[in-house]
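Single-structure report; data block below.
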Amino acid sequence: MKIIFHLIIFIFLTILTQVGGIIYLASITLIRRNKRILQLFVFLILYALSTFLIIPTIAPHFGREKIKESQNVELHSVFYKIANRNYVRPELNGIIENIGNSISRKHPGLKLTILDANFPFKDGFPLLPHLSHNDGKKVDISLMYKTKEGVLTNEKPSNSGYGVFENPLKNEMNQTTICKNNGAWQYDYPKYLTLGKNLDLEFSANATKDLISSILKNNEIQKIFLEPHLKHRLNINSEKMRFHGCRAVRHDDHLHLEI
Ligand SMILES: [Zn+2]
């Protein structure tokens, strides 16, 4: 019974943070018997040391680095940093910086907002629920929004960054209905992952289009995923902008980039 309990925690922490499961095992091995509070304390200390000091130093030797935040680039939530979900290959880090600089030149004060990227180690180890985020070459970013008064803002309608969709208008293609009719039940499940919403914000087609233009200036970008109705609404003609397929989830709450 005890082993199953530890196993569940190990799997949960590994899926969420990659290294958390191993650090948990180390903590319960170091502090044996029923000293639960001390085990938790040791776990938290080791986890914090690893996440904020050790991993950022050693990950570059394995080909990935922490996404550099700056005046023009920010992570949407501190959760992504605490959970080690903010690692990319150095080439992609440079591109992220370029995109941030470019969008803030076009719209002073506006930043590039980063969501889930990759874990620090091991090609092939997926960052769930994004199966393809497993090689340091992928990153999700937020769309652009404005207030009800029409002022562009860095705030986003979803606290997690996912799950508040810019739905198709009546005359637009509805890919979600098509996918769900074909049995893709998971296609809109991020609606359960918002962790709270700010529905006073509106989608900014203009700024999102400028963001995509900034992305497309970087030749190393190979694919961008965006829902078909938004691609059509923003009138973007780029073969790099693809449909991700019904086995993925809908992309009208965020953009996915890969190099
Ligand atoms: Zn993605």
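The values are calculated or read from the model by the stated rules, or taken from the named source; none is laboratory data. In this text, all values refer to a predicted model and were calculated from it rather than measured experimentally. Note that we place each Cβ from the backbone using ideal geometry, even for glycine, and neighbour counts take in every protein chain shown. In case anyone asks, the SASA skips ligands and DNA or RNA and just uses the protein heavy atoms, side chains included. Shrake-Rupley method; radii C 1.70, N 1.55, O 1.52, S 1.80 Å.
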Unit charges on C-beta of K, R, D, E only; dipole of the chain, Debye: 700 debye
Starting from the 7 Å offset along Cα-to-Cβ, what nm value, one decimal, do you get for the label separation of GLN71 and LYS217? 1.6 nm
Take LEU7 and GLU172, extend 7 Å from each Cα along the Cα→Cβ direction, and tell me the distance between the two endpoints in nm. 4.6 nm
Whole percent per 5 Å bin, from 0 to the bin with the longest distance: what is P(r) over all C-alpha pairs of the stretch 1-61? 4, 19, 25, 26, 15, 7, 4, 1
Once the cut-off is 33 Å, how many percent of the Cα-Cα pairs in the chain end up in the long-distance tail? 24 percent
Given springs between every Cα pair under 10 Å in a Gaussian network model of the chain, which of ARG33, ARG89, ARG233 has the largest fluctuation? ARG33
Among LYS66/LYS180; LYS122/LYS146; LYS137/LYS170; LYS81/LYS170; LYS68/LYS106, the pairs whose Cα-Cα distance exceeds 32 Å are LYS66/LYS180; LYS122/LYS146; LYS137/LYS170; LYS81/LYS170
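Counting only complete DSSP H runs, which helices of the chain cover 18 Å or more along their long axis at the Cα atoms and score a mean Kyte-Doolittle of -1.0 or above?
Helices meeting the criterion: 2-17, 36-49, 90-106.
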In the full protein assembly as shown, how much of LYS231 is accessible to a 1.4 Å probe, in Å² to the nearest 10? 60 Å²
Aspartates and glutamates near LYS231 by alpha-carbon distance under 16 Å, same-chain residues fewer than 8 away left out - which ones? GLU166, GLU172, ASP210, GLU239, ASP252, ASP253
Identify, among LEU234, ILE178, VAL78, the residue whose Cα sits farthest towards the positive end of the charge dipole of the chain, taking +1 on the Cβ of Lys and Arg and -1 on the Cβ of Asp and Glu, with the dipole about the Cα centre. VAL78
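Which value, in Å², gives the accessible area per residue of the chain when a 1.4 Å probe is used on the protein heavy atoms?
53 Å²
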